[in-house]
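Following: one structure in structure tokens, then a few remarks.
What follows draws every value from the coordinates through simple rules; no lab data is involved. No experiment lies behind these values; they were computed from the predicted model shown. No Cβ is skipped: glycine too gets one built from the backbone with ideal geometry, and neighbour counts run over all protein chains shown.
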Amino acid sequence: MTHLFYTTQDWYQLPAELDWLTSAERERLDGFRFDKRRRDWLLGRWAAKIVLLRISGLSMWDIRRFQVDSATDGAPVPLLDGSPCAVELSLSHSHGRAFAAVSRGATALGCDIEFVEPRSDVFVETYFTDSERVHVDDVSPLNRDSAVTKIWSAKESTLKALRVGLKVDTRSVQVIDEGHHTGKDWGIGRSIVDDAGEFTCRWRVDGDFVLTIATRDPVEISRAH
Ligand SMILES: CC(C)(COP(=O)(O)OP(=O)(O)OC[C@H]1O[C@@H](n2cnc3c(N)ncnc32)[C@H](O)[C@@H]1OP(=O)(O)O)[C@@H](O)C(=O)NCCC(=O)NCCS
């Protein structure tokens with residue numbers, strides 16, 4: 001089975017110096033006008049490089065050999081010594097925390113982190129399919145916020161795996177919570193996309209956040225610290 005490594009990194013874990021960025025990355029960072037975007041981008045690059053080091057077996061000394069560019073559609077493009085890496089990388093940021101996942105092999109991959117907070121009925125009616133709405137209506141009020149966040153995040157992960165993002169109707173993705181956990185602490189589900197088939201969705205609650213990973217093929221997940 002394909003192996004996937006992930007990490008979450010908080011703002012306080014960023015090194016004080018920026019010498020882990022390449023000069024091209026420094027230039028890109030300097031080009032951001034808004035502080036929030038600058039911070040999100042920086043934290044995402046840091047998390048991405050942590051997982052890239054882990055999957056390539058390199059040490060922290062090699063961190064500047066990696067550069068994480070962006071494709072024209074916005075998806076992250078990892079380079080090692082200036083050449084494309086043969087890995088799939090996805091990243092996400094929310095409320096001062098970044099989440100990055102990387103796998104080797106051809107499996108399409110998308111990941112997403114979301115802060116668990118109340119989302120309105122109008123939100124659910126607008127973005128969810130009928131059966132997702134039924135699922136949300138069935139959970140106890142106590143678990144509603146995390147159930148809604150989980151479905152929303154799994155949609156985003158799936159749309160990142162497809163490299164389309166929120167340009168498409170989120171109701172073209174049908175998320176199914178299988179309702180049980182396999183092995184450690186990653187729950188399992190599926191997402192079915194109009195005209196694009198099925199993805200495996202994994203999710204876990206991480207403090208006040210929900211993490212989700214969507215992959216075309218099943219993966220074995222390990223944490224890279
Ligand atoms: C992809 C998308 C759903 C992410 O939504 P979000 O909740 O705001 O942000 P997240 O923190 O979860 O994820 C952002 C990361 O997703 C990745 N991403 C962006 N577009 C992506 C795409 N088309 N496919 C896969 N991953 C993508 C990037 O790595 C981005 O972080 P970075 O810009 O710092 O590298 C959203 O950006 C989107 O719908 N984009 C539509 C396409 C678009 O407008 N692209 C802009 C081109 S520059």
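How big is Rg to Rh over region 111-214, alpha-carbon atoms, Rh as the Kirkwood inverse-mean-distance radius? Before the final figure, lay out each step's value.
Details: Rg = 12.5 Å, Rh = 13.5 Å.
Reported Rg/Rh, Kirkwood definition of Rh: 0.93.
Binning at 5 Å from 0, report for region 33-73 what percent of all alpha-carbon pair distances ends up in each bin.
In order of increasing distance, the bins hold 5, 21, 26, 20, 16, 8, 3, 0 percent.
State the extension gain, in nm to one decimal, for the chain segment bounded by A16 and R144, taking 0.36 nm per residue of separation less the distance between their alpha-carbons.
The span from A16 to R144 would gain 42.2 nm if fully extended.
Based on the Kirkwood radius over alpha-carbon pairs, what is the Stokes-Einstein translational diffusion coefficient of region 112-152 at 10 °C with 1.306 mPa s viscosity, in µm²/s?
Answer, rounded: 155 µm²/s.
Expressed in nm², what is the orientationally averaged projection area of the convex hull enclosing the Cα positions of region 91-169?
So the Cα hull casts an average projection of 6.0 nm².
Please compute the Cα-Cα pair-distance distribution of the chain with 10 Å bins starting at 0, giving whole percents from short to long.
With 10 Å bins starting at 0, P(r) equals 8, 34, 35, 18, 4, 0.
Run the numbers for R26 and T126: contour at 0.36 nm per residue of separation, minus the present Cα-Cα distance, in nm.
Full-extension gain reported as 32.1 nm.
What does the helix-only formula give at 222 nm for the chain: each DSSP H stretch with n ≥ 4 adding -39500 (n - 2.57), the total divided by the residues, and the result rounded to the nearest 500 deg cm²/dmol?
The per-residue figure over the chain is -9000 deg cm²/dmol.
Calculate the dipole size of the chain relative to its Cα centre from +1 charges on Lys and Arg beta carbons and -1 charges on Asp and Glu beta carbons; express the result in debye to the nearest 20.
Here the size comes out at about 640 debye.
Mind listing which trypsin sites (Lys or Arg not before Pro) in region 116-167 are in a DSSP loop and have 14 or fewer other Cβ atoms within 10 Å?
Taking region 116-167 and a limit of 14 other Cβ atoms within 10 Å, the loop trypsin sites (Lys or Arg not before Pro) found are R163.
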